[in-house]
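Worksheet: the structure to be examined is printed underneath.
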Amino acid sequence: MTAPRLEIDLDKIYHNASTLVERLAGCGITVTGVTKATLGSSEIAETLLRTGVSGLGDSRIDNIEAMRHADVSAQMTLIRSPMLSQVDRVVAHADVSFNTELEVIRQLSSAARNANRTHGIVLMVELGDLREGIMPDELENTVREILRFPNIAFKGIGTNLACRSGVSPDAHNMAELSVIADSIESTFGLTVDIVSGGNSANLNWALSGVDTGRINNLRLGEAILLGCEPLHRQPIDGLHTDAITLVAEVIESKVKPSQPWGVIAQTAFGEEAPAADRGHISQSILAIGRQDTDPCGLQSPPGMKILGASSDHLIVDSTSHDQLTAGDEVTFQLNYSALVRSMTSPFVAKVVELPINLLRRSES
Ligand SMILES: *Cc1c(COP(=O)(O)O)cnc(C)c1O
């Protein structure tokens, strides 16, 4: 089989997504399935939609367009502020976008008017992580302005934590978002439909049994695809952490010294040369590198250790593992960084394992 390849198990993705949809429904929270790590895969999108997610979210209009062209039928939200150069594409293909700049919303409004469509706006609020968001004390003015724009529907507010600075969602910042939702409602006499509290990093907070207040939506990518929460990278109880795995092929396997010899200067990617002399080791090379994935985000099978990587070579110590020979395949688990890089690398094949229930249906 072709290598390297991502093996995507739709049954496990379905299990992860439906488990989270169900658990969060218990707190009155809907799930937006975030597809940005999947390069607009229509199979993954359709799988998420079968679990009862309220819609799909992606940070790139290209991915949303790919899903539209594949006839994925869902409410689609662009979860990164639109580029001014893309407003026409955004109103044509996304139902809602996350926004922080009045000028962008003004141009979305005129694009929507030209296209004879209504475009939904969720305003992102800065609550401390210092990525996207309007400062809380400027929010009211922004709402006042956008309510005047034609062909724009104010849908609600959201925030994003834990991505840039690692700020954890907690009772305090989530309560602040609830208070803001209430205050917009009383100031403007309208209903804030969407109060989107954050991403996979919000799960610990949401499922801890606290009062979730006005928060009624989370946008989940990593937790669904990798079964992990991103604050401490711990597996989430009851979810699969191997729904997507990366398979690479061995191209060299030798017993070699653990220490290089000769005059040592810089390596191709500035990595340190190995420190401890461990005598001779079983060293294998896999035909995968930085062009295909983030080698630091790979988890090797038990007994195997990743020693280093260059553009096209991943070097592992397999001394405590079964003997490897050229042609053998090795399966790795991935973190989010490795997943995104592999998904977007043209050198990595994507092999989707169809859901068992779909196979059964097509056999009968
Ligand atoms: C990527 C992203 C998400 C999803 O994050 P996960 O950690 O993968 O759940 C949610 N919201 C925004 C704004 C994002 O950029």
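Structural remarks
- For the range 144-157, the condition holds for no residue, the condition being that it is among the β-branched types (Val, Ile, Thr) and touching a Cys at 6+ places or on another chain (Cβ under 7 Å).
- Pairs are defined by a Cβ separation below 8 Å, a sequence spacing of at least 6 or placement on different chains, a first member in the range 6-21 that is at positive phi, and a second member that is buried (at least 21 other Cβ atoms within 10 Å of the Cβ); no pair meets this definition.
- Residue check, ALA115 away from the ligand (no atom under 16 Å from the Cβ), in the same structural domain as SER196 (by TED's automatic domain parsing), small (Gly, Ala, Ser) and surrounded by fewer than 20 Cβ atoms within 10 Å (Cβ to Cβ): yes
- From the list VAL122, VAL104, the one residue that fits, being on the phi < 0 side of the Ramachandran plot, modelled with pLDDT of 95 or more and surrounded by 22 or more Cβ atoms within 10 Å (Cβ to Cβ), is VAL122.
- Residues within the range 219-234 that are touching a Pro at 6+ places or on another chain (Cβ under 7 Å) and assigned to a strand (DSSP E or B), tallied: 1
- First in the range 327-356 and over 22 Å from THR47 (Cβ atoms), second anywhere and among the hydroxyl-bearing types (Ser, Thr, Tyr) and not in a loop (DSSP other than H, G, I, E, B), Cβ under 9 Å, 6 or more apart: ASP328/SER253; ASP328/SER284; VAL330/SER284; PHE332/THR245
- Residue count for the range 270-281, restricted to those that are outside any loop (DSSP other than H, G, I, E, B) and under 14 Å from LEU314 (Cα atoms): 0
- The residue of the range 59-74 that is surrounded by the fewest Cβ atoms within 10 Å (Cβ to Cβ), among those that are within 15 Å of the ligand (Cβ to nearest atom) and within 17 Å of LEU49 (Cα to Cα), is ASN63.
- Here ILE152 passes the criteria (1) closer than 18 Å to SER183 by Cβ; (2) more than 16 Å from the ligand (Cβ to nearest atom) except the one numbered (1).
- Restricting the range 219-235 to residues that are within 8 Å of the ligand (Cβ to nearest atom) and at pLDDT 95 or above, the residue that is surrounded by the fewest Cβ atoms within 10 Å (Cβ to Cβ) is GLU222.
- Flag if ILE306 is over 28 Å from ILE44 (Cα atoms) and buried (at least 18 other Cβ atoms within 10 Å of the Cβ): no
- Of everything in the range 189-218 that is part of a loop (DSSP other than H, G, I, E, B) and within 8 Å of the ligand (Cβ to nearest atom), the residue that is nearest to GLN234 (Cα to Cα) is ASN199.
- SER284 fulfils the conditions (1) assigned to a loop (DSSP other than H, G, I, E, B); (2) within 30 Å of VAL348 (Cβ to Cβ) except for a single criterion, (1).
The values are calculated or read from the model by the stated rules, or taken from the named source; none is laboratory data. These numbers were taken from a predicted model, which means no experiment stands behind them. Note that each Cβ is placed from the backbone with ideal geometry, even for glycine, and that neighbours are counted across all protein chains shown.
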